[in-house]
1. With the structure loaded, tell me whether S60 is more than 21 Å from the chain's Cα centre (by Cα), modelled with pLDDT of 95 or more and either loosely packed, with under 13 Cβ neighbours inside 10 Å or closer than 25 Å to L139 by Cα (or both) or whether it fails that test.
2. Looking only at the stretch 96-128, count how many residues are more than 22 Å from G56 (Cβ to Cβ), in a helix (DSSP H, G or I) and β-branched (V, I, T).
3. When the stretch 62-91 is examined, which residues are found to be polar (S, T, N, Q) and within 19 Å of A104 (Cβ to Cβ)?
4. Cβ-Cβ below 6 Å, separation at least six or inter-chain, first residue in the stretch 1-30 and over 30 Å from G144 (Cβ atoms), second assigned to a helix (DSSP H, G or I): which pairs?
5. Do you know which residues across the stretch 21-52 are over 16 Å from C78 (Cβ atoms) and over 24 Å from the mean Cα position of the chain (by Cα)?
6. It is to be established whether one or more residues within the stretch 72-91 are more than 27 Å from L139 (Cα to Cα) and either among the hydroxyl-bearing types (S, T, Y) or at pLDDT 95 or above (or both).
Amino acid sequence: MTSSNKVGILANIYCLWVKAVSCLQSPLLLVMRLYWGWQFFQTGKGKLMNLDRVTGFFESLHIPHPHLNAIMAGCTECFGGLCLLLGLGSRVLTIPLIVTMCVAYVTADPDRLKAIFSDPDKFVTADEFLFMLTAVIVLIFGPGKFSLDWLIGKKCCKTSGKTEKA
């Protein structure tokens, strides 16, 4: 067997491996969306159900307009979480979720944010980190095939494809 044949065989094996592992992308995105979408929903619902307590907490952090910001954060997390869970509007709705987590880092966990380079473990163990990471992953990779976005996209592409042929 020549060395070019061996390289060809290895290249084919690698391509098969990549194809097999790529099949796991949508199931992984589904699991992430279901888990973290539910967590976002729960935390947002908790904020909305306890607005006085959340407003007081936001006041203690010197957040301007604490009551309004408590409502906005609660709605963003609650309804954004439900949409994330369903995979609906995922690449748009992850942006306010990411912004909300960034604001949480800046206001509620500034020490952990400042430690991003000096003590990364502090940064990645903050509650906000995994919420934000999931939102960033879905923003970049999309919600996957097991989502309403995918079904809508498939329907829209079929419709526009028929229109172009006619």
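The values are calculated or read from the model by the stated rules, or taken from the named source; none is laboratory data. This structure is a prediction, so every number in the text was calculated from the model and none was measured. Cβ: placed from backbone, ideal geometry, glycine included. Neighbour counts: every protein chain shown.
1. Details: more than 21 Å from the chain's Cα centre (by Cα): yes; modelled with pLDDT of 95 or more: yes; either loosely packed, with under 13 Cβ neighbours inside 10 Å or closer than 25 Å to L139 by Cα (or both): yes.
So S60 passes the test.
2. 3
3. Going through the stretch 62-91, the residues polar (S, T, N, Q) turn out to be 69, 76, 90.
Passing the criteria: N69, T76.
4. Taking only residues 6 or more apart or on different chains, not a single pair turns up.
5. D52
6. no
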